[in-house]
1. Do we have Asn35 as out of contact with any Phe, Trp or Tyr (no Cβ under 7 Å at 6 or more places or on another chain) and open to solvent by less than 10 Å² (accessible area, probe 1.4 Å) here?
2. Can you say whether Val24 is among the aliphatic types (A, V, I, L, M), touching a Pro at 6+ places or on another chain (Cβ under 9 Å), more than 19 Å from Ala97 (Cβ to Cβ) and within 16 Å of the ligand (Cβ to nearest atom), as far as the supplied structure shows?
3. Hey, does the range 165-172 have a residue that's closer than 30 Å to Asp49 by Cβ and within 16 Å of the ligand (Cβ to nearest atom)?
4. Can you name the condition, by its number, that Met238 falls short on among (1) over 18 Å from the mean Cα position of the chain (by Cα); (2) surrounded by fewer than 19 Cβ atoms within 10 Å (Cβ to Cβ)?
5. If you take the residues of the range 163-192 that are within 17 Å of the chain's Cα centre (by Cα) and open to solvent by 10 Å² or more (accessible area, probe 1.4 Å), which of them is nearest to Trp136 (Cα to Cα)?
6. Considering only the range 84-111, how many residues are of a type outside the set (Phe, Trp, Tyr) and either buried (at least 22 other Cβ atoms within 10 Å of the Cβ) or more than 16 Å from the ligand (Cβ to nearest atom) (or both)?
7. Find all pairs meeting these conditions: Cβ atoms under 6 angstrom apart; at least six residues apart or on different chains; first residue within the range 15-28 and touching a residue at least 40 places away in the same chain (Cβ under 8 Å) and under 15 Å from Leu54 (Cα atoms); second residue of a type in the set (S, T, N, Q) and outside any helix (DSSP H, G or I).
8. Can you name the residue in the range 138-162 that is within 16 Å of the ligand (Cβ to nearest atom) and hydrophobic (A, V, I, L, M, F, W, C) and is also surrounded by the fewest Cβ atoms within 10 Å (Cβ to Cβ) among such residues?
Amino acid sequence: MGVQHVRALILSDIHSNLEALEAVVADAQERGGFNEIWCLGDTVGYGPDPDACLDLLRPGVSGLGGHQLRIVVGNHDHAAVGKMGVEEFNDAAAAAARWTSSRLSQDHAAFLSGLPLVITQGPFTLVHGSLRDPLWEYLMSAEAALGTLKRLTTRFCLVGHTHIPFICRENGGFPKFVEFTEDQVFSLGEERWIINPGGVGQPRDRDPRPSYAIYDSQPATVERHRVTYPIAKTQEKMRRAGLPPPLIQRLDHGV
Ligand code: ZN
């Protein structure tokens, strides 16, 4: 019995941006395809297409077909299904969360409501924010990285939430953030790493192009790529939906 060859498309913070998601999927298909999608939360919120994004991701509903989906919940997903209030959101995010709640199909809302905070899969742990605070912590400092590494029971941890890509090496107890360089293939070894693939639907590293990663189990590597997508089309849908202008404008700037 051979070990299954896994090619996982690693996505985070899709944020109801269908054009960005479609561009990422098409790019990954051209790069050799994938048999799993690992989604790190905030699938909805901010953007104009919550149902269509979930339609694309969910096996059984998806036109993609054939892939395994492993998906954790994010803070915006919880807000959209009423599992938390929007008091901690800024005005634009709160307005978008209310709009999303009003649009989301019952089936997709039930799906999001049932998602776990953390998934372990082989040598990987998937979580939205951090293992110390799965929904809310922005993992951006060595101190925060230590908080997660202390709780990590697998070799690698995949996080999102900041919409900013990085690799953080454990480095003998002194976590070190290094650039998760675009289009470079990184070999996974014995050292424990925390990896952020960047954001699909609302990048925040001053580059408006959606960012995502691919994990290949044979050999064990991760690589990160970016794609272009028709931003104006998404923005026009947001205008028609009456979503807050700052959320529309920021897509141009990657902030
Ligand atoms: Zn997010």
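The values are calculated or read from the model by the stated rules, or taken from the named source; none is laboratory data. Computed from a prediction, not measured in an experiment: that's the story for all the values here. When we count neighbours, we look across all protein chains shown, and the Cβ atoms used for this are built from the backbone with ideal geometry, even at glycine. In case anyone asks, the SASA skips ligands and DNA or RNA and just uses the protein heavy atoms, side chains included. Shrake-Rupley method; radii C 1.70, N 1.55, O 1.52, S 1.80 Å.
1. no
2. Judged against the criteria, Val24 is a match.
3. Within the range 165-172, one or more residues are closer than 30 Å to Asp49 by Cβ and within 16 Å of the ligand (Cβ to nearest atom).
4. Looking at each condition in turn, Met238 falls short on (2).
5. Across the range 163-192, the extreme among qualifying residues is Ile164.
6. Counting residues in the range 84-111 that are of a type outside the set (Phe, Trp, Tyr) and either buried (at least 22 other Cβ atoms within 10 Å of the Cβ) or more than 16 Å from the ligand (Cβ to nearest atom) (or both) gives 17.
7. If the second residue must be of a type in the set (S, T, N, Q) and outside any helix (DSSP H, G or I), the pairs left are His15/Gln202.
8. Here the answer is Met140.
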